[in-house]
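Scroll down for the structure; my scribbles are underneath it.
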Amino acid sequence: MSLIKKNIRDIKEKTIGMGRAEKAEYIFTYYWHYMLGMAAAAALLVIFGGHVLFGQKEPEFTCVIVNQMTDDARDDRLAEDFAVWAGLEPDRVLIDSNYIFSYQGYTVEGANESYYDKFFLKWGNAELDAVIIEEEFFHFCKEMRGRFQSLEEYDTGSLPLYEDDGAAVAVVLDGQELIAPFGAQRRGKLLLAFPGSGKRFEACQKFLDYLQAGGLLGKRTPDAGEMAWLAAPVPEC
């Protein structure tokens, strides 16, 4: 016999002849710990179920922009445009330019230095699919034992490539105008690279295809279907 059935039987037997108030007082006095346990279990079930059904989904593509002018509105527009073009869920594509921090040989006054740790933590946890960084920081990452994917396994078309140790490892983005430098001038070329820890190879290829179609370089014209989607009114909450 289960514990719950046993407790119910005991309560019925021991509260025979009691009124409602007496029964409630008896149950609360002798069975409060069981009630507390059941309430806690129910709460955990609700929390777990809500997380499974409504919890935040894993990103389909994450790109961070390091030490360039921060522009959240531009990041959101770029992420949405890429998502629509690539057939990804817009709320699962993240482009973030808030990564302003100092590193050895380069100091940013007043920066939130926690982003330095956040950047390399995400790198180590395979949470970064792409990074847009300056050439100097590219080599700093290598000094920190960061590895970049070779682009030889990707279709890069006619995109201008950056070579390191005889291998193409990044796309040169100097021709774009959407991402402005943070300081007076850049510390080398602006590069798009894929961290070696990344695993979303298909999404990375789609981003390269997006660049080849003019995305980010400011030359892409949305087709009629995309224009209708982007022009659709946002539902009110």
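The values are calculated or read from the model by the stated rules, or taken from the named source; none is laboratory data. Fair warning: this is a prediction, and the values are worked out from it, not measured in the lab. Virtual Cβ from ideal backbone geometry, glycine too; neighbours counted across all protein chains shown. Calculation scope for accessible area: heavy atoms of the full protein, side chains included, ligands and nucleic acids excluded. Shrake-Rupley method; radii C 1.70, N 1.55, O 1.52, S 1.80 Å.
Only one of Ser158, Ser197 is over 23 Å from the mean Cα position of the chain (by Cα) and more than 20 Å from Asn67 (Cβ to Cβ). Can you tell me which?
Numbers: Ser197 fails: over 23 Å from the mean Cα position of the chain (by Cα).
Step by step, each of Ser158, Ser197 is checked, and only Ser158 is over 23 Å from the mean Cα position of the chain (by Cα) and more than 20 Å from Asn67 (Cβ to Cβ).
One line per residue, one yes/no per condition, for (1) modelled with pLDDT under 90; (2) of a type outside the set (Gly, Ala, Ser); (3) open to solvent by less than 80 Å² (accessible area, probe 1.4 Å); (4) in a helix (DSSP H, G or I):
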residue: Met38; (1), (2), (3), (4): yes, yes, no, yes
residue: Ala42; (1), (2), (3), (4): yes, no, yes, yes
residue: Val84; (1), (2), (3), (4): no, yes, yes, yes
residue: Leu121; (1), (2), (3), (4): no, yes, no, yes
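Condition check: open to solvent by 70 Å² or more (accessible area, probe 1.4 Å) and either in a strand (DSSP E or B) or out of contact with any strand residue (DSSP E or B) (no Cβ under 8 Å at 6 or more places or on another chain) (or both). Does Asp96 satisfy that? No. From the residues in the range 149-196 that are within 23 Å of Thr107 (Cα to Cα) and of a type in the set (A, V, I, L, M), which one is most open to solvent (accessible area, probe 1.4 Å)? Per the stated criteria, the residue is Ala184. Whenever a residue of the range 129-157 is more than 21 Å from Glu177 (Cβ to Cβ), its partners that are among the polar types (S, T, N, Q), lying with C-beta atoms within less than 6 angstrom and at least six residues away or across chains, give the pairs Asp129/Thr62; Tyr154/Gln205.
Val108 meets all of the listed conditions (1) modelled with pLDDT of 95 or more; (2) assigned to a loop (DSSP other than H, G, I, E, B) but one, namely (1).
Only one of the numbered conditions (1) part of a loop (DSSP other than H, G, I, E, B); (2) under 15 Å from Cys204 (Cα atoms) is violated by Asp174, and that is (2). Can you confirm whether Tyr115 is under 22 Å from Asp71 (Cβ atoms), aromatic (Phe, Trp, Tyr) and touching a strand residue (DSSP E or B) at 6+ places or on another chain (Cβ under 6 Å)? In short, yes. Would you call Gly146 out of contact with any helix residue (DSSP H, G or I) (no Cβ under 8 Å at 6 or more places or on another chain), modelled with pLDDT under 95, assigned to a loop (DSSP other than H, G, I, E, B) and small (Gly, Ala, Ser)? Against the criterion (out of contact with any helix residue (DSSP H, G or I) (no Cβ under 8 Å at 6 or more places or on another chain), modelled with pLDDT under 95, assigned to a loop (DSSP other than H, G, I, E, B) and small (Gly, Ala, Ser)), Gly146 does not qualify.
Among residues of the range 199-210 that are more than 18 Å from Arg147 (Cα to Cα), those with a beta-carbon under 6 Å from a residue that is part of a helix (DSSP H, G or I) at least six positions away or on a different chain give the pairs Lys206/Ala86; Tyr210/Phe82; Tyr210/Trp85.
Being farther than 23 Å from Gln205 by Cβ, acidic (Asp, Glu) and surrounded by fewer than 18 Cβ atoms within 10 Å (Cβ to Cβ): is that true of Glu143 here?
Details: farther than 23 Å from Gln205 by Cβ: yes; acidic (Asp, Glu): yes; surrounded by fewer than 18 Cβ atoms within 10 Å (Cβ to Cβ): yes.
Considered against the rule, which asks whether it is farther than 23 Å from Gln205 by Cβ, acidic (Asp, Glu) and surrounded by fewer than 18 Cβ atoms within 10 Å (Cβ to Cβ), Glu143 comes out as yes.
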